[in-house]
1. Test of understanding: ordering Thr83, Thr37 by Cβ neighbours within 10 Å, fewest first, what list do you get?
2. Grab the Cα-Cα distance for Ala56 and Phe73, subtract it from 0.36 nm times how many residues apart they are, and report the gain in nm with one decimal.
Amino acid sequence: MNLELRLLNMAEFTPSATVVETIAGFPGLAAAPQQGTATVLAQQFDQDVVGDLGNALNTFVQSGQIWALLVGFVLGYLLRGVTTYK
């Protein structure tokens, strides 16, 4: 099944322009014309993943949660040592 989409440049649109999507091989199936709309196939986002991770780590340290994590590790290790049967 082949899918054929006609995508037009948004600068070429006038208020009366229409976009029609048709499905190749199925002449009876055609989307209804819509006034001044276009199908968005993909979007780009300006994401800084490493920067976001750095900000999250900085907030984690500044809020004092790092100390709770370290105390939890130490207490968990001690509890494991006490409850282990040899």
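Bear in mind that the values in this text are calculations on the coordinates, not laboratory data. As the structure is a prediction and not an experimental result, all values here were calculated from the model. Reconstructed Cβ throughout: ideal geometry from the backbone, glycine too, with neighbour counts over all protein chains shown.
1. Result, fewest neighbours first: Thr83, Thr37.
2. Length gained between Ala56 and Phe73: 4.1 nm.
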